[in-house]
Structures are given as C-alpha cells and as structure tokens.
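A.B. asks: Below you'll find the structure I mean.
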Number of protein chains: 2
Amino acid sequence: MKSIGPINALYPMPTTLVGAAVNGKPNFLTVAHVGILNHGTPQYLSIGLGKIHYSNNGILENKAFSICLPPEDLMVETDYCGIMTGKKTDKSVLFDIFYGETEKAPMIHQCPVNMEFKLHDVLDYQTHDIFIGELIQTYADDSVIAGGKIDIAKLRPLLFDMASKKYWALGNPVGNCWSSGKSLK
Amino acid sequence: MKSIGPINALYPMPTTLVGAAVNGKPNFLTVAHVGILNHGTPQYLSIGLGKIHYSNNGILENKAFSICLPPEDLMVETDYCGIMTGKKTDKSVLFDIFYGETEKAPMIHQCPVNMEFKLHDVLDYQTHDIFIGELIQTYADDSVIAGGKIDIAKLRPLLFDMASKKYWALGNPVGNCWSSGKSLK
C-alpha cells in the first residue's frame, strides 16, 4: 500500500446528461461528478459543474434542471455533449425533448430514465458550482421497468472512470445487499 | 415515458467502507450514497450518513474519515459492515487496519484503494448528515496500479443498486471519453 497523492478514485460513477434551459433554449451537459446526499423524501442529489460551463446560469435562472440517464447505445451523443459547449452548439437537436412539472428542465426521450429537479441549494466551491436538487419526478420508459421498478440491467447505464478516460458497461450481479453478510454473524 | 414518482435512479454507485474512529476505536460503515463535488485540488467528496449511525459522532469529533474501496472479493465483509452497528459489534476485527496522515481515519489493507479525508463541512439534511471531506491522501496497492494509475478493471469495484438491492460487478470498457463523440462534429 503506497501513497499516490490525493487522487480521487471514487469511480466508476454514472454518466449523466444534465438538462437545463439556457437563454430560453434546452441544453445538455455530460456530467459524471454527481452525488446522492440522502435517502428519503424529499430526495436530494448533487451535480458538480465547473463554473466555465454554459448550463450553470440556466440552472440558476430557472431554479430547475434534469438528470437524464443515457444508455450504452447513446454513448456517442453523450460524449459529444461533453465535448461541445452550448455557447456555440445547439446540442438539443440530437434528441427528442420533453418537459415535466417544472416546465424548465428539458429531458430526453432517448434516455430511458430522466429525473426532474427543483434547485434546492448551490454550494460555491471555487472552480465549481455544486447544484443540489430536490427530486420532483422521475420518468421511465416501459422498456427498463420490471416488477414495478427500474431494472438496471435493462437500462445499461454508461459508467465513467477518470483514470482510464473510458466509459464502462455494467457487469453482472454478484450478490445481495443486506443479506450476503449475514453469514459472518 | 411515464411518471413513476420521485424515485432516485442514480445507480449504480460505488460501494465504499467509510472508516472513522469512534470512542477511540476504529469502525467501518458501508456507504454507497456518495458524491464527487468538484474536480481539482483540493478535491472534495461527500458521504451521506443517516443520523442514526454510530460513525457520525466519530467523524464530527475527529474531523477525519476514510473512504475505502472494497473489491468484489470483499463482498461478504462489506455487506456485514452495512448490517451490523458499531454500537454493538467490533467490525474492525474483520480487517488489517492502518492509519495515514490524520492518524484518526482507519483504513483497510484488504481494500486495494483507500482515501483519507479531513472533514471540510457538514450539511444538515434532516435524517442525514452530509459529510464533505477534503481528500488528503490516497493509498493504493501495487496490484491495482498500471501505468502509474489505478486500473479500475484490476480493482474490481463493488457497485450498488437500490432497486435490485444487489451488488454488481463492473463490465467491459465500451468507449473513450472526450473522443468517441468527435464523430458527430
């Protein structure tokens, strides 16, 4: 075990497309620096966006955003949304867009799961705005629902790892939570 | 696309063992509700811990904690640390423990990657304390390092999904970030 410096190794993380209305138009930004803050109702999640991004002002103005979950099949479009800036490129033409309750958070029909947020708080972290959203509604396609729940194997999320700079697929289930450890009791 | 209620679908997330000294003794808690806040130096990460947990007071008292990354092989021990409370069970006997610069954040030799944090801030979210840590040092075993970086395929992280209540393995790489999207330019 050796020290390698303060390297963030908390990967893989789910790759998301964050939707925001900016200057009245829908924009999408690829974000994998996300977080689950609590577990309950209301449910709060965080997204960390560098302050240079075009979406930040839209989120601040409308106090709403979305987190859309692109499947493996949408990798090229998702990566494109992380390369191009909304300042110069209309990324919304890539997708069929819909809106939910806030009417200010664009979401994507090609993403089988979309979550809509009201802006709850903003943390100022020097180079980054940390937007904390309160989850208002989740939209899911029938193709990824099984037994009334989202089936992550059907969703086929795109996982991000910073060290390899690659997207990774989800593998197989390896065991049951709150169960497999009982053998040590 | 249908509304399914405000269901958090931001999974899978990396399963971690959070280390803290509580009443002078090392304790470990299984936590997958984690987040990456920014990308830079200092690097900040968050962990969301229900207030009922035993570890919270230890983190507050010592202003330090660790995030240890258990591999698939440590699934049973990891799950056990999510079932049992440190109030009644000495979970530290499961592992070979070491300490780093803070001397207050226990870490685990059996985890090939361990990250050590100083407590930076605490957010009060009703049922949950959100501990925001500043990453001080990362410790990695040679077995998971390739080309000077952590190789996530060698680490074999344990991924958590709430809907299935299962741990999942990492799959294969499916493409390159900041690259595969260039074809759409």
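The values are calculated or read from the model by the stated rules, or taken from the named source; none is laboratory data. None of the values given here were measured: they were computed from a predicted structure. Please note: Cβ atoms are built from the backbone with ideal geometry, for glycine as well, and neighbour counts cover all protein chains shown. Heads up: the accessible areas ignore ligands, DNA and RNA and are worked out on the full protein's heavy atoms, side chains in. Shrake-Rupley method; radii C 1.70, N 1.55, O 1.52, S 1.80 Å.
A.B. asks: Would you call A:GLY133 assigned to a strand (DSSP E or B) and without any contact (Cβ under 8 Å) to a residue 24 or more places away in the chain?
C.D. replies: no
A.B. asks: Would you pick out the residues in segment B:25-75 that are more than 11 Å from chain A (Cβ to nearest Cβ) and touching a His at 6+ places or on another chain (Cβ under 7 Å)? I'd like the intermediate steps shown before the answer.
C.D. replies: As a first pass, look at segment B:25-75 and keep what is more than 11 Å from chain A (Cβ to nearest Cβ): B:25-29, B:52-66, B:70.
Within segment B:25-75, B:LEU29 is the sole residue that qualifies.
A.B. asks: Output the residues belonging to segment B:96-149 that are under 24 Å from A:ASP121 (Cα atoms) and facing another protein chain (nearest Cβ under 9 Å).
C.D. replies: Scanning segment B:96-149 gives B:ASP121, B:LEU123, B:TYR125, B:GLN126, B:THR127, B:HIS128, B:ILE130, B:ILE132, B:GLU134, B:LEU135.
A.B. asks: Which of the residues belonging to segment B:15-29 are out of contact with any strand residue (DSSP E or B) (no Cβ under 6 Å at 6 or more places or on another chain) and touching a residue at least 40 places away in the same chain (Cβ under 8 Å)?
C.D. replies: Going residue by residue through segment B:15-29, those that are out of contact with any strand residue (DSSP E or B) (no Cβ under 6 Å at 6 or more places or on another chain) are B:21-25.
Those that are out of contact with any strand residue (DSSP E or B) (no Cβ under 6 Å at 6 or more places or on another chain) and touching a residue at least 40 places away in the same chain (Cβ under 8 Å): B:ALA21, B:VAL22, B:LYS25.
A.B. asks: Got a sec? Which of B:LEU69, B:LEU45, B:LEU37, B:LEU60 is in contact (Cβ under 8 Å) with a residue 60 or more places away in the chain and open to solvent by 20 Å² or more (accessible area, probe 1.4 Å)? Show your work before the answer.
C.D. replies: Numbers: B:LEU69 fails: open to solvent by 20 Å² or more (accessible area, probe 1.4 Å); B:LEU45 fails: open to solvent by 20 Å² or more (accessible area, probe 1.4 Å); B:LEU37 fails: open to solvent by 20 Å² or more (accessible area, probe 1.4 Å).
Unique residue meeting the criteria: B:LEU60.
A.B. asks: Sticking with this structure for a sec: Being on the phi > 0 side of the Ramachandran plot and touching a residue at least 40 places away in the same chain (Cβ under 8 Å), is that true of even one residue in segment A:156-164?
C.D. replies: Looking for residues that are on the phi > 0 side of the Ramachandran plot and touching a residue at least 40 places away in the same chain (Cβ under 8 Å), one finds at least one in segment A:156-164, hence yes.
A.B. asks: Also: Of all the residues that make up segment A:152-185, how many are surrounded by fewer than 17 Cβ atoms within 10 Å (Cβ to Cβ) and either in a loop (DSSP other than H, G, I, E, B) or of a type outside the set (A, V, I, L, M, F, W, C) (or both)?
C.D. replies: Total satisfying the criteria: 10.
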